Amino acid sequence: MLELDRVRFGWDAEKPVIAELSLRIREGDKVVILGANGCGKSTLLKLMNGLAVPQSGSISYRNAEPKGRAFRQDCALLFQHPEAMLFNPTVREEIAYGPRQLELPDADARVAHWAAALGLTSLLDQPPFLLSGGQKQKLALACVLALEPKLLLLDEPSASLDPATVGWLIDTLLDTPTTVVTATHNLSLAAELGSRCLAMDALGRLLYDGPVSSALRHPGLLEETGLAHRHRHRHGDALHTHLHTHDWEGD
Ligand SMILES: Nc1ncnc2c1ncn2[C@@H]1O[C@H](COP(=O)(O)OP(=O)(O)O)[C@@H](O)[C@H]1O
Ligand SMILES: [Mg+2]
């Protein structure tokens, strides 16, 4: 479905963020991209969405370039920072914006459906900037889900969602045939968000591509990606050093 072939990219010419990365996303895949802060997860999703263009190598979606109306209709990206994508005067118009841009005939029905699914119905006439952080994230999620994309790219979707909504999201994603690629550094959610894991190192290289369950049982890999680390801590009177993983939210 989506193929990256020896993709290189840096936001400035001297500092590559993605180095010679090749991978293939197959129809129906549920992929989790794991990696430490700043390793290039968000950049990789922007490349997949056509918002960034490789400096060398190529990306193709169903054997064509990832651009144009058909691609926009098929592929939606939930940004890491939802405020970045909210600009309409009301929640209703915000959710309707994408479907209307694509001239979909059932925009209003989609607004009603996804607002209800995310518990936003009572907020439909509110301006998005008045919502709380978690409500903004739900709204951003409603906006991308309302597009009912074939390829859904989610950048840290759980960062400010409450546990019930995270549970709802996991169930919703599992139930759809949609191909989903989710970037996260939340190890405890990784196994629920996908079955295939791509682990990136700090140099923007792919360290691992395989089942998420094996990745999580592989302390060496987690340490190399920067998702597990060693530090000292106390057990009673004894001081130990051993490998830890911590989940943390946000950047
Ligand atoms: N829009 C941008 N302009 C310039 N530099 C950027 C931009 N987005 C990300 N970067 C830089 O690219 C690197 C990778 O960032 P990012 O892809 O956001 O990593 P991650 O999502 O894994 O935390 C970082 O060094 C970051 O500062
Ligand atoms: Mg990021």
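Do we have any residue at all in the stretch 162-170 that's of a type in the set (Asp, Glu) and either in contact with a Ser or Thr (Cβ under 7 Å, 6 or more places away or on another chain) or in a helix (DSSP H, G or I) (or both)?
So in the stretch 162-170, the residues of a type in the set (Asp, Glu) come out as 162.
Retained after the next criterion (residues that are either in contact with a Ser or Thr (Cβ under 7 Å, 6 or more places away or on another chain) or in a helix (DSSP H, G or I) (or both)): none.
Within the stretch 162-170, not a single residue is of a type in the set (Asp, Glu) and either in contact with a Ser or Thr (Cβ under 7 Å, 6 or more places away or on another chain) or in a helix (DSSP H, G or I) (or both).
Among the numbered criteria (1) open to solvent by less than 20 Å² (accessible area, probe 1.4 Å); (2) over 15 Å from the mean Cα position of the chain (by Cα), which one does Cys75 miss?
Among (1) open to solvent by less than 20 Å² (accessible area, probe 1.4 Å); (2) over 15 Å from the mean Cα position of the chain (by Cα), Cys75 violates only (2).
What number of residues in the stretch 58-106 are among the acidic types (Asp, Glu) and in a helix (DSSP H, G or I)? Steps first, answer last, please.
First pass over the stretch 58-106, keeping only residues among the acidic types (Asp, Glu): 65, 74, 83, 93-94, 103, 106.
If we keep only those that are in a helix (DSSP H, G or I) too, we end up with 74, 83, 93-94.
The number of residues fulfilling the criteria is 4.
Check Val32, Val53 and return the single one that is part of a loop (DSSP other than H, G, I, E, B) and of a type in the set (Val, Ile, Thr). It would help to see each step written out before you state the result.
Values: Val32 fails: part of a loop (DSSP other than H, G, I, E, B).
Being part of a loop (DSSP other than H, G, I, E, B) and of a type in the set (Val, Ile, Thr) holds for just one of Val32, Val53, which is Val53.
Residues to consider are Leu123, Leu104, Leu130; find the one that is open to solvent by less than 60 Å² (accessible area, probe 1.4 Å), without any contact (Cβ under 8 Å) to a residue 24 or more places away in the chain and more than 30 Å from Ala190 (Cα to Cα).
Values: Leu123 fails: without any contact (Cβ under 8 Å) to a residue 24 or more places away in the chain; Leu130 fails: open to solvent by less than 60 Å² (accessible area, probe 1.4 Å).
None of the other options fit; the residue is Leu104.
Per-residue answers, yes or no, for (1) more than 13 Å from ligand 1 (Cβ to nearest atom); (2) surrounded by 14 or more Cβ atoms within 10 Å (Cβ to Cβ); (3) among the acidic types (Asp, Glu); (4) touching a residue at least 40 places away in the same chain (Cβ under 8 Å):
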residue: Leu4; (1), (2), (3), (4): yes, yes, no, yes
residue: Glu27; (1), (2), (3), (4): yes, no, yes, yes
residue: Gly50; (1), (2), (3), (4): yes, yes, no, no
residue: Glu94; (1), (2), (3), (4): yes, yes, yes, yes
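So, Gly38, is that one within 16 Å of ligand 1 (Cβ to nearest atom) and exposed (fewer than 14 other Cβ atoms within 10 Å of the Cβ) or not? Give the steps one after another, and end with the answer.
Numbers: within 16 Å of ligand 1 (Cβ to nearest atom): yes; exposed (fewer than 14 other Cβ atoms within 10 Å of the Cβ): yes.
Taking the combined requirement at face value, the residue satisfies it.
Restricting attention to the stretch 144-180, and to residues there that are within 16 Å of ligand 1 (Cβ to nearest atom) and touching a strand residue (DSSP E or B) at 6+ places or on another chain (Cβ under 9 Å), which single residue is most open to solvent (accessible area, probe 1.4 Å)?
Ranking the candidates gives Ala159 first.
The values are calculated or read from the model by the stated rules, or taken from the named source; none is laboratory data. Quick caveat: nothing in here was measured; it's all calculated off a predicted structure. Please note: Cβ atoms are built from the backbone with ideal geometry, for glycine as well, and neighbour counts cover all protein chains shown. Remember, those area values only see protein heavy atoms, side chains included, never the ligands or the DNA or RNA. Shrake-Rupley method; radii C 1.70, N 1.55, O 1.52, S 1.80 Å.
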